[in-house]
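To start, the structure itself, in structure tokens.
The values are calculated or read from the model by the stated rules, or taken from the named source; none is laboratory data. Because the structure is a prediction, the values reported are computed rather than measured. Note that each Cβ is placed from the backbone with ideal geometry, even for glycine, and that neighbours are counted across all protein chains shown. The protein model used for the area step is the full one, side chains on, heavy atoms only, and it has no ligands, DNA or RNA in it. Shrake-Rupley method; radii C 1.70, N 1.55, O 1.52, S 1.80 Å.
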Amino acid sequence: MATEAPTSPPEPPEPPEPPGAPGSAAEPRHGLRLLVAWVVASVIGCLLVYLVWGPHLPPGDMSSSAANQQFDLRVLGTIATPVFLGVLIYMGYALTFWRAEDDDETDGPPIHGNAKIQLTWIAATTAIVLALAAFGTVELVTVQGAGAGEGPQPIWKPGSSSILQVQVIGQQWSWTYRYPQFGGFETAQLELPLNEPVQFNVTSLDVIHGFWAYQLGVKADANPGVNNVAYTTPKHPGSFVVRCDELCGLWHGAMFDYGKVVTAAAFQTWAQQTETQLASVTKILPPYALTYDPTAIANLGKVLVQLGIGGAGGGYYPPNDPEQP
Ligand SMILES: [Cu+2]
């Protein structure tokens, strides 16, 4: 204050402010004004984010896991809103009311600590971080569990005893799906029944791929020799996109297709029909297993040749192939 006395620039900004000041010539209560503006804006902002924007946040609510991820994003977005608004409001307020005069080159008053602000800061950030850690843990363990593509043995499993098993097989550069409860047929079509829990068993025949069913909120790496489990329950009928989310070679970008969620009855019909239609092919596939040895896949070619369905010229094997029986 002593250094400001000779130039006395803090005085001029005061005259315009008395309208907002509580009836005295003193500085208006900036802290109170900021607090009121922040609380009002935060209440409105939080409601808008949670109720208006929330239902449109990705990945939507097509499945139990997607809805759960959307809920997490809604909660996190709502928590972040007061922080975001606090920064904006303080900045706007400072720019408006604490703006220096055009030719004012003096420094502001030095500040040496403020126990109240420091304590508030430490308490608030500690509370936010610990609360988020607790929220994140509960959300991970109870809703999707470890069954969200975190390995072969999830510590959490859905309560239901009848879970539809769908094996997802990645290979350069396409996805195929096997249904072990329907004779183990393998198809390029992914169909799922509405409102029934599904267990994806994700694996690969060659390099690392990533099974990403976007609208289902399911993402699980497809590793050769590994069975990676992910659960979900489709909640809305319709189609969803499946992409590969691990760069897996030249045609990685083309490695996508569409899956379908249909009614339970339509699914049963489709699965049983497909089982019958593909019976002759299923017979010569390697028996259903959670992982496959890629070197054994070549044997399939031999079987096809023996059965005379290997295509013109005897399939993949040249006539003098020493491996051919
Ligand atoms: Cu891939």
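Side notes on the structure shown:
- Of the set (1) at positive phi; (2) within 16 Å of the ligand (Cβ to nearest atom); (3) open to solvent by 50 Å² or more (accessible area, probe 1.4 Å), all apply to LYS219 but (1).
- Considering residues of the stretch 186-216 that are away from the ligand (no atom under 12 Å from the Cβ) and β-branched (Val, Ile, Thr) only, the residue surrounded by the most Cβ atoms within 10 Å (Cβ to Cβ): THR203
- The requirement of being part of a strand (DSSP E or B), open to solvent by 80 Å² or more (accessible area, probe 1.4 Å) and within 22 Å of GLY149 (Cα to Cα) is fulfilled nowhere in the stretch 261-278; no residue meets it.
Yes/no matrix, rows are residues, columns are (1) within 21 Å of the chain's Cα centre (by Cα); (2) in contact (Cβ under 8 Å) with a residue 60 or more places away in the chain:
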position	(1), (2)
ALA134	yes, no
SER162	no, no
GLN165	no, no
VAL168	yes, no
GLN171	no, no
GLU191	no, yes
ASP221	yes, yes
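- Subset of the stretch 82-139 [open to solvent by 100 Å² or more (accessible area, probe 1.4 Å), within 30 Å of SER65 (Cβ to Cβ) and not assigned by TED's automatic domain parsing to the domain that holds SER65]: LEU130
- Within the stretch 160-176, the residues that satisfy the criterion of being within 16 Å of the ligand (Cβ to nearest atom) and farther than 14 Å from ASN228 by Cα are GLN171, GLN172, TRP173, SER174, TRP175, THR176.
- Top-ranked residue of the stretch 166-194 - restricted to ones that are in contact with a helix residue (DSSP H, G or I) (Cβ under 7 Å, 6 or more places away or on another chain) and not in a strand (DSSP E or B), ranked as farthest from PHE240 (Cα to Cα): GLY183
- Within the stretch 244-260, residues that are of a type in the set (Gly, Ala, Ser) reach partners that are near the ligand (Cβ under 9 Å from one of its atoms) with beta carbons closer than 7 Å, at six or more positions or on different chains, in the pairs GLY249/GLN172; GLY249/TRP173; GLY249/VAL207; ALA254/TRP173.
- Qualifying residues in the stretch 279-295 (those that are in a loop (DSSP other than H, G, I, E, B) and surrounded by fewer than 13 Cβ atoms within 10 Å (Cβ to Cβ)) - the one nearest to the chain's Cα centre (by Cα): ASP293
- Looking only at the stretch 224-260, residues that are under 26 Å from LEU140 (Cα atoms), part of a loop (DSSP other than H, G, I, E, B) and near the ligand (Cβ under 9 Å from one of its atoms) come to 2 in all.
- If you go through the stretch 43-69 and keep only what is open to solvent by less than 30 Å² (accessible area, probe 1.4 Å) and in contact (Cβ under 8 Å) with a residue 60 or more places away in the chain, you end up with PRO59, GLY60, MET62, SER63, SER65, ALA66, ASN68.
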